[in-house]
Every structure is written in structure tokens, then in C-alpha cells.
1. Tell me which residues, restricted to segment 58-75, are at pLDDT below 95 and assigned to a helix (DSSP H, G or I).
2. One residue is enough: does segment 110-123 have a residue meeting the conditions in contact (Cβ under 8 Å) with a residue 24 or more places away in the chain, in contact with a His (Cβ under 9 Å, 6 or more places away or on another chain) and polar (S, T, N, Q)?
3. Residues of segment 235-273 being assigned to a loop (DSSP other than H, G, I, E, B) and under 15 Å from Thr296 (Cα atoms), which ones?
4. Being surrounded by fewer than 16 Cβ atoms within 10 Å (Cβ to Cβ) and in contact (Cβ under 8 Å) with a residue 60 or more places away in the chain narrows it down to one residue among Ser77, Ser48, Ser40, Ser59; which is it?
5. Is it true that His295 is free of Cβ contacts under 8 Å to residues at least 60 places away in the same chain and buried (at least 21 other Cβ atoms within 10 Å of the Cβ)?
6. May I ask you to list pairs of residues, at least six apart or on different chains, whose Cβ atoms are under 8 Å apart, with the first in segment 1-22 being assigned to a helix (DSSP H, G or I) and the second being buried (at least 22 other Cβ atoms within 10 Å of the Cβ) and at pLDDT below 90?
7. Against the condition free of Cβ contacts under 8 Å to residues at least 12 places away in the same chain and either among the polar types (S, T, N, Q) or assigned by TED's automatic domain parsing to the domain that holds Ser283 (or both), how does Arg342 come out, does it pass?
8. When you scan segment 380-404, how many residues do you find that are under 32 Å from the mean Cα position of the chain (by Cα), farther than 17 Å from Thr243 by Cβ and either at pLDDT 95 or above or among the acidic types (Asp, Glu) (or both)?
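The values are calculated or read from the model by the stated rules, or taken from the named source; none is laboratory data. Only a predicted model underlies this, so the values are computations on that prediction, with no experimental measurement involved. Heads up, the Cβs are rebuilt from the backbone with ideal geometry, glycines too, and the neighbour counts pull from every protein chain shown.
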Amino acid sequence: MSTLLSIDVSRLLSALSMSLDFTTKGLTNHHRRVAYIALSLGKTMQLSPEKMHTLFCASTLHDIGAITFADKHTLASMEINSPEIHCEKGYQFLNKVPQFSDLALIIRYHHHQFQKPEPPIDKDLLQLSYLIHLADRLEILLTPAYILSQRSSALERICSLFGTYFPPEYKEPLLEIASKDSFWLDLDSIYLDKLIEDMLYSEMHMEVAPKEIREIASLFATIIDSKSRFTHRHSRLVSTTATKLATLAGFSSCDAVKIEVAGLLHDLGKLSISEAILEKNGSLSPEEYDLIKQHTYHTYHILNHIPGFSDIAEWAAYHHERLDGRGYPFCIDKTSLSTGSRIVAVADIFSALAEDRPYRLGMKKEKITEILFSSVKNNSLDKDLTYLLLERYHDFEELKSKLC
Ligand SMILES: [Fe+2]
Ligand SMILES: [Fe+2]
Ligand SMILES: [Fe+2]
């Protein structure tokens, strides 16, 4: 097992932001496209590499405060009622990560209109808020129709808002980037990731250390868990349970940190599922169950996009696989399930059984023990790791009570 190294923060945020782009219409590219428009404007305005980096990080997370599908739906129209709600929520989330205090402020004002009194924020940061606002409003005007046939109407609408929504001096840079067909084709292309990389990564690298990776993972855990009141601390419970189990199983401190991150992000793909299904009080239809089952597929692919995260991607995403190969969605068996993946699977089942669900209350020790035993017997869970948890049951129960 490799150690968890420092990772380029833009690559980390770029991958994680994919989880923010699930809506009822599937995976949109909203955050990436807004980032590309904002960076194109920034490049034309000759922003410094540091500012371009901050602009990328803020634009790639800008709607982090819009969690439910309903929240996201309201942001997709040109006139938004109370946009400050998701701006404020995004600010609160990001402000918990010490190194993200500037991003938090930029996002707090990313719907601020130029015609209104200036907010109490540094001018350099406000400039980035305005760029994100402009990029965001342009992006939501674009429909799935052929992109070049939309540019005139989109541009006309945006241009009518300079001086009211947006600072007038941003009109020229917009017209300059919009004059090239390639700008519009880029927005709709499968090469978008590479184009963003070229514009950004060649300019500046900013690494985050394991401690910050944990903080960022914890931020996303809060977002995942806020999708449903029944899972308000599930990711945290899986993470602390898995970390304790990993330590008991002899993992190094580096690998224990990776398990902690894997636990925090194991249900990242749940952001692809509507709240109506997650909170359903009753049995799921086969189609709804298929939708639930897709979550680990997305967890794997989003995390595997991050350089240095291959172990974390596996440990996080294989928690519904079984030793006999009858799990989902990859149907891998004991020959491919590493100890890390097995630990997160045991921690996930223990946590799920101990927590309340829409259709039942959290289970007591006797019932949990019975279910864990039968999961070992039917070749679903790892025997040694399950017994390790049961032997120290009191310790794990205590961890859970501390999270309440
Ligand atoms: Fe927004
Ligand atoms: Fe947006
Ligand atoms: Fe799960």
C-alpha cells in the first residue's frame, strides 16, 4: 500500500465537484463549464496565476450550497428567487476549512449584482465573484441544442445585463472570448477537462497535505449526509468505525488516514440519487433499487479521477461488494477485495444497522451481532474483521455515541 501524498488541490476539487453536478437530468457539466468560462475571461483579463487558481477552485465549487435536486433545479432558471440561500450555505460549508476562507467569501457573493451596494469583501475577491456570476448566468442559458446556434441569443441576453448584474468593464473580455467559435465548441466538447488542465495546471500547482485532504473529505461528507436526515452522520460513523478497525487490524498511520478518507467519501455517489428515493418510507421499486445501487459506481469513478487516490477509490467504492462475488456493481470477489475494502464494508453494515432508517429505528447489539454473523456465514463479509469488531463492540458503540 502506498502512502497518502500531497495532492494538487485543483485536481482534487475538480474530481469531487463532479458529485455536485448530478440532477434529475443526470450528470450535468455545470461546474466545469462555469469554471471554463470564468477561466477564459480571467485569461483575457490577464489575471495572475494565483488568481486564476483561486478562480478555478471557487468556480468549480460555486454551487456547493445547493444540495437537493430541488435546490439545483431552481438555480437553472435566469431569474432566481433568493439566490442568497445557497450562497450563504456554501459560505458556511467552505468556511469550516481554514484554507478555504477566501473561496468561502467569493462563493458567498457569487450572485451579487453590480447595481447593488458593494458587499463587505476585498475588491480582488469580489472581482472573482463577479466573474463566476457572469460565467454562471451564461452557462445556464445554454441548452442541449447545437451550441453555435445559441451563441447570439445567449450573448444578447448577457450583454443586456452589463451595468446592472455585471460590471460594464467585463463586457469587452466576454465579447473577445465569444468571438471565437472554438470557445463555444470547447464548452460542449469531450475535451473540456484537458482544456481546463492546459489553462490552469501549466500556470500553477498548489498542493494539499493529508490533513487538508481529510478536511476536504469531511466537507464533502457533510454534503453527502445532508441529503437525508436519516444519514446525517452516516459517513462520519463509517469513517471512524473503519479507522478504528484498520488500526486494530495493524494498518500504518498513513493507511489509517486513507481509510478515514475512504469512509468519509464512500457514499459520494449518493449525490446522484434523488432525496425522494433516499427518504422513501416503504419498499423500493426495482427501478428505484437500481438507482440506489448505482451510487458506488459513481463513488469509484469520481475518486479514481484523483491522482494518488486509487486505493481510496477502491476502499470507498467496494463497500457493497461481497466475498462471494454477488455484491454490486462490479461483482468482484475475495480474490480482488483488499483488506481496506473489506474494512469499509464491515464498517458500513455496522453503521447502517445501528442507525435509524425511514422504515425502522437503529438496532440493538443482539440483532446487529446476529446479522453480522449471518453475513459472515453467507460469505458476504470478512470473518476476521467482523469478529474483531464484535470482540471490541463496546469501543465501537462508544465511538458512535460520541458522534451523536
Ligand atoms: Fe449559484
Ligand atoms: Fe451555478
Ligand atoms: Fe453505500
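1. Residues satisfying the conditions are Phe69, Ala70, Asp71, Lys72, His73, Thr74, Leu75.
2. Yes, that holds for at least one residue.
3. First, the residues of segment 235-273 that are assigned to a loop (DSSP other than H, G, I, E, B): 249-252, 266-267, 273.
His266, Asp267, Ile273 - these are the residues of segment 235-273 that are assigned to a loop (DSSP other than H, G, I, E, B) and under 15 Å from Thr296 (Cα atoms).
4. Values: Ser48 fails: in contact (Cβ under 8 Å) with a residue 60 or more places away in the chain; Ser40 fails: surrounded by fewer than 16 Cβ atoms within 10 Å (Cβ to Cβ); Ser59 fails: surrounded by fewer than 16 Cβ atoms within 10 Å (Cβ to Cβ).
Of Ser77, Ser48, Ser40, Ser59, the one residue that is surrounded by fewer than 16 Cβ atoms within 10 Å (Cβ to Cβ) and in contact (Cβ under 8 Å) with a residue 60 or more places away in the chain is Ser77.
5. Working: free of Cβ contacts under 8 Å to residues at least 60 places away in the same chain: yes; buried (at least 21 other Cβ atoms within 10 Å of the Cβ): yes.
Against the criterion (free of Cβ contacts under 8 Å to residues at least 60 places away in the same chain and buried (at least 21 other Cβ atoms within 10 Å of the Cβ)), His295 qualifies.
6. From segment 1-22, the pairs are Ser10/Leu200.
7. On the way: free of Cβ contacts under 8 Å to residues at least 12 places away in the same chain: no; either among the polar types (S, T, N, Q) or assigned by TED's automatic domain parsing to the domain that holds Ser283 (or both): yes.
So Arg342 does not fit the description; no.
8. So in segment 380-404, the residues under 32 Å from the mean Cα position of the chain (by Cα) come out as 380-382, 385-386, 388-389, 393, 395-404.
From what's left, farther than 17 Å from Thr243 by Cβ: 380-381, 404.
Remaining after also requiring either at pLDDT 95 or above or among the acidic types (Asp, Glu) (or both): 380-381.
Selection size over segment 380-404: 2.
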